[in-house]
1. Inspect the stretch 207-215 for any residue being over 23 Å from the mean Cα position of the chain (by Cα), assigned to a helix (DSSP H, G or I), crowded, with 20+ Cβ neighbours inside 10 Å and at pLDDT below 95 and give the result as yes or no.
2. Looking only at the stretch 138-169, which residues are within 29 Å of L191 (Cα to Cα) and modelled with pLDDT under 90?
3. If G184 meets every condition in (1) among the small types (G, A, S); (2) in contact with a helix residue (DSSP H, G or I) (Cβ under 8 Å, 6 or more places away or on another chain); (3) within 25 Å of E100 (Cβ to Cβ) apart from one, which number is that one?
4. Could you run through the stretch 92-108 and say how many residues are in a helix (DSSP H, G or I) and crowded, with 16+ Cβ neighbours inside 10 Å?
5. Yes or no: the stretch 117-129 includes at least one residue that is over 29 Å from the mean Cα position of the chain (by Cα) and either more than 24 Å from S212 (Cα to Cα) or not hydrophobic (A, V, I, L, M, F, W, C) (or both).
6. Which one of L188, L194 is more than 17 Å from S143 (Cα to Cα), at pLDDT below 95, assigned to a helix (DSSP H, G or I) and among the hydrophobic types (A, V, I, L, M, F, W, C)?
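The values are calculated or read from the model by the stated rules, or taken from the named source; none is laboratory data. Here the structure is a predicted model, which is why all the values come from computation and not from measurement. When we count neighbours, we look across all protein chains shown, and the Cβ atoms used for this are built from the backbone with ideal geometry, even at glycine.
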Amino acid sequence: MLKYKKRFRHQRISTGVLITLEIFAIVTGVMLGFLANEWRENRANQKVAEHALQSIAAEFRFNHQQMEETYYYYSNIIEQIDSLRIAGEPVSEMYGYQLEGFRGATPPMLRSSAYNMVMVTGIIKDIPFETANRLAFIYTVQSLIEKLDDANMINFTQDPGFTALRNLRHMFILYTDLIPSVIGTYQLLGLPVLEEYGYDMRLSDGELKAKSDEQINFLDLDRF
């Protein structure tokens, strides 16, 4: 009788061990499945984030070129207007088309759609914090030009005398004051984190670079 009891107890222990091992195997399998799925999702999210940064870098390249061309074009027009004023010409009665090389008063119209999509879709959470922090600051500074663009587009449609030299000079000076700050943040904060994604443009020596360097000296780099 005692022999049968021992055998029964042994069978119960063996069955309990097998059940425990089976449960452990199931739990381990489920956990590994979750981990593998999470790894795949993180990898996919990382690829999406990489593509997003490439799109933002392309946006930076376009905006950089727009700002650089606009700055020197506007500076040239301002110089011509000031020369006419010094010469005693009736500047208040003159219009832009009377100036050499005048191409209109079209604002630079900087792009921010790639960054806005990154924010709206939540991709920003998969971008390194330092990069995301720098981009947020850059686009905040850039929004000053975008707001100025919007205001001037309204003036284009409402003021038939918008291209009068007195109006052009005021508007162009606003842009030539803002552009060095914006493109300066591109160079100081954007270039280090976006160069590998395609934004590798640098300012050539000249007035714009000098002004940009002067502006970015006031930035508190510790916050980035």
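1. no
2. Residues of the stretch 138-169 that are within 29 Å of L191 (Cα to Cα), as a first pass: 138-150.
D149, D150 - these are the residues of the stretch 138-169 that are within 29 Å of L191 (Cα to Cα) and modelled with pLDDT under 90.
3. Of everything listed in (1) among the small types (G, A, S); (2) in contact with a helix residue (DSSP H, G or I) (Cβ under 8 Å, 6 or more places away or on another chain); (3) within 25 Å of E100 (Cβ to Cβ), G184 misses just condition (3).
4. Here is the first cut: in the stretch 92-108, the residues in a helix (DSSP H, G or I) are 92-93, 96-98.
From what's left, crowded, with 16+ Cβ neighbours inside 10 Å: 96.
Summing the residues that are in a helix (DSSP H, G or I) and crowded, with 16+ Cβ neighbours inside 10 Å in the stretch 92-108 gives 1.
5. First pass over the stretch 117-129, keeping only residues over 29 Å from the mean Cα position of the chain (by Cα): none.
No: zero hits.
6. Values: L194 fails: at pLDDT below 95.
Unique residue meeting the criteria: L188.
Yes/no per residue for (1) of a type in the set (V, I, T); (2) surrounded by 16 or more Cβ atoms within 10 Å (Cβ to Cβ):
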{"site": "T70", "(1), (2)": "yes, yes"}
{"site": "S83", "(1), (2)": "no, no"}
{"site": "V120", "(1), (2)": "yes, no"}
{"site": "I124", "(1), (2)": "yes, yes"}
{"site": "N152", "(1), (2)": "no, yes"}
{"site": "P160", "(1), (2)": "no, no"}
{"site": "H170", "(1), (2)": "no, no"}
